[in-house]
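Worksheet: one structure, shown below.
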Amino acid sequence: MKNLTGFFLLLKILILLFLFNFSIDSKAFAQEQISEQAEIYYTIDQEGEISFKYLIYLSANPGFTTAISKYTLSFPFEDLDFETIKSNGENLRAHRETGDGTMQLILDLNDELLNSSNPIFIELDGKMKTSPIREVGGSMILTLPGSASKVNIKKVEIKYPKSFGEVRNFFNKWVIQHNEETITLKSFDAGKAINLLWGDKVVYDFEINKRLFNPLDEPKKTFDLNIPKAHNNQKVLFSEIAPTPQFAYQDGEGNIFFSYELGPNTEVDVVVKGQIIIDFIAENERDDLEVFKKPILTETKGYWLLENDYEWNRIKVFLSREGITESSIEQMDPETKQLFYRKAYNYVVNRLELANFKPTSMESYVRQGATHAAENRRNASPEDYVDFLSAIYREYGVPTRMVEGYVKMLNKEFYHTWLEFWCENEGWKSIDPVLENYSRADYFDTKLINHLIVLSRSYNYIRPRIVFFDEDEFKVDFAKGLNSETLDVKNTVRVNPLKKAQEDVMGILTIENTGNSIISMRDFAGQENISFSNHNALQLVVPGQSLDLPFTSKLSSLRKKENLYIQYTSINDETILKPVDLDIREQQFWWWNPLVISLKYMIIVIIVYTTYIILSKFFKWMEKYYQ
C-alpha cells in the first residue's frame, strides 16, 4: 500500500511537470492545437480621443489540455491606459514592459487550464493617452494597429462622430453603417494596420540632411542627390535649400537631381526642407496618353523579363480559370482589362513569399529579377515583387513604372519599392503587392496616402540609381499646416549695346526664382520672335537660384513692352506669365558726346545769328519806312 501511495504521488508530480512544461505564453501559440482569435473595437469621440476594447478568445482542439501561466500581448503603442483586464470575468494581474514606442502586456493567468470544454476569454479595455489622429493640412489621418501580437482578428469595428464626414481613403475592406450621430466601420479582414483619412489632402514635412565628401585628389567630383519628385498627385514645395546646387535637372522621367561639385578632400552638408502634398482631387497624370504608349514602356528585358516556361504556363492557366484567355491587353474589352490588372496582381501577391521583410527597417535585400524570383519564390525581396509583376504586365502590353521612395508609418518612415501601371480610364495607378502580402490590407484599389515618391524607372530597370539615405538623413513627419505654392519669378532682359540703326540684337534673360517651387525649363515659353540659343529643357531653377539665358531677337519686337512676357511652369505644373524688365542701351563711342554737345552749340549759334540778321534787316526796313 505504501508503494502504491508513492506511485500515485510520483504520477501526480509527473502530471504537474507535464502541465508545467506545456504552460505557454503567446509566443508559443503557433501550435496547431490552440486557436487565438480576437475582436477589436475603437470608439472616437468629438475631440478625437480614442477608447478601445480587445476581446480575445483562446480555445483548444478536442482531446488537448494545457495550463497557461503567462500570456503576452504586444502593442505598437506605449501610452495605453488599461481600465479593465479580465479573464473569464475575473480581474487579472498584469505587468507592462515598454520601449522604442512599443508595449508588451504580460498577463498572469495562474496556470489556468485550457481545453475544448474550458476556453479562456480575455477582455481588455481602456483609452489611449495620446490620440493617434493627426491633423494634416486641413485633413485628418488615423493609423492604428489591426492586431495585437499574432492573434487572428475576426472583427474590427471603428465608431466615429458623423461630423467627421465620410472616410475618403482607407486600405481595409469595410462595411459602413450610418447611425443618427455616428458612423461605424466594420471589417472582418482588417489586416495588420488600419489607415483612415478624412479630407482631400495629406501633407508631410520632409527634411534631408546629407553630407557629401570627396576623399579623392581629383580636381572636381560631382555628386547627384535625389530629391522627392512631383509625380501624379504628389506635389513638392521647398522652404530651404542650402547650399544652392551648382546645377539642378530633371531626367526624361521627371526625376529630380541636385548636382554639387566638390574639390579634392572637401565636404559639404546639404540641407533640403519642404513639404510633400498628396492631393486626391488632383489630376492623376499630366501627360497625354499617347506618351505612355511608347514601346519602351512595355519592353521585357533584364529584371523585367520572365524566362520560365513552367511559370508562364502556370500564369496562363490561372488567368484562364478567371475567364482571361486573351494574349495581350489590346485584345481585351474594358471589363476584362480591369479583371486582368487585378488577377495578375493577386497572382504575384500569393505566389511569392517575403524574405524576412520588416517594414520599419533599412535592411537591404538581394534583388533577383523576375526569372530568379519565380525559381526562388520563397525568398523574394520587395524589388522581386515589382519585377515579377512588371514582367507579367509588360508581356501583355501594359506600361509599368518601378517606383522607389519612402512609406510613412505612424512613428517613422522606411525605404520601399512599389509599382505603377497604366490603367485605362485612370492613368498611372500605384499599387503595392509587398505591403498587401505583409499586412493583408488592400493596396490595389486604394490610393497610397503614405507612399512618398522619390524616383521612378520605366525606361531602364536599374537606372537611374537612387541615393540611399540613413535614418537620420531623410526624415518625414505629418505637417500641421499646408503651405500654398508660390510661383514667382523676377526676370530681366539685358540687351547688348546697340549700334545706330541696328535691328538684330542679342542679350541675356536673367531668371531669378523668388518662389517656393522649382521652375522647369521643359515647358519654358516666351514670345515667338525671341530665340534662346542655350536652352536646356531638362534644367531646373530652384528657389533662390538665378539663371542666365542668351537670346537673339528684333529690336522692334523688344520695344513693344505690352506684348513682352515669359511663361514659366513649375514642376507641379503651375504656370505663370511674367512681364519682363527691359534694359536697352545703345552703343556709344568716345567722340559721340563731344560731337553731340558741339552740334547743340552750333545749332544755338546758328539760331542766334539767324535771328540777329532777321532783326537787323527788320529794323533797317522800319527805319527807311518812317523816313
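Key figures for this structure:
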| quantity | calculated |
| --- | --- |
| Net +/- balance of residues flanking residue 352 in space, Cβ distance below 12 Å, scoring K and R +1, D and E -1 | -4 |
| Computed Kirkwood radius, in angstrom, where 1/r is averaged over Cα pairs of region 197-273 | 14.2 Å |
| Semi-axis lengths, Å, region 305-426, gyration tensor of Cα atoms, sqrt of 5 times eigenvalues | 27, 18, 11 |
| Selection from 478, 464, 451 lying farthest towards where the dipole of region 387-505 points positive, charges on Cβ | 464 |
| Distance in nm between pseudo-label sites at residue 504 and residue 535 (7 Å out along the Cβ direction from Cα) | 1.9 nm |
| C-alpha center-to-center spacing [region 415-472, region 40-109] in angstrom | 35 Å |
| Size of charge dipole - region 379-427 - debye, nearest 20, with Cβ of Lys, Arg +1 and Asp, Glu -1, no other charges | 180 debye |
| Qualifying aspartates and glutamates (Cα of each under 17 Å from Cα of residue 554; at least 8 residues distant if same chain) | 503, 504, 528, 562, 581, 583, 586 |
| Across 221/475; 127/162; 127/186; 235/408, pairs whose alpha-carbon gap is larger than 23 Å | 221/475 |
| Chain lengthening between residue 426 and residue 117 when straightened (0.36 nm per residue, less Cα-Cα) | 105.8 nm |
| Full-stretch length increase - residue 162, residue 604 - with 0.36 nm per residue and alpha-carbon distance subtracted | 150.2 nm |
| Rg/Rh for region 389-489, where both radii come from Cα atoms and Rh is the Kirkwood radius | 1.00 |
| Å² of accessible area per residue within region 185-266, as computed with a 1.4 Å probe and no ligands counted | 38 Å² |
| Listed residues 229, 447, 480 arranged by accessible area, highest first, probe 1.4 Å | 480, 447, 229 |
| Set of aspartates and glutamates with alpha-carbon distance to residue 159 below 18 Å, sequence-local pairs under 8 removed | 39, 45, 47, 49, 125, 180, 181, 189 |
| Surface accessible to a 1.4 Å probe, residue 451 within the full protein complex, Å² | 10 Å² |
| Local net charge near residue 385, Cβ-Cβ under 14 Å (Lys/Arg +1, Asp/Glu -1) | -4 |
| Cβ-defined net charge surrounding residue 181, 14 Å radius [Lys, Arg +1; Asp, Glu -1] | 0 |
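The values are calculated or read from the model by the stated rules, or taken from the named source; none is laboratory data. Not measured: the values here are computed from a predicted model. Cβ sites come from the backbone with ideal geometry, for glycine too, and all protein chains shown count toward neighbours. Each accessible area value is taken on the protein alone, full model and side chains, heavy atoms only, with ligands, DNA and RNA left out. Shrake-Rupley method; radii C 1.70, N 1.55, O 1.52, S 1.80 Å.
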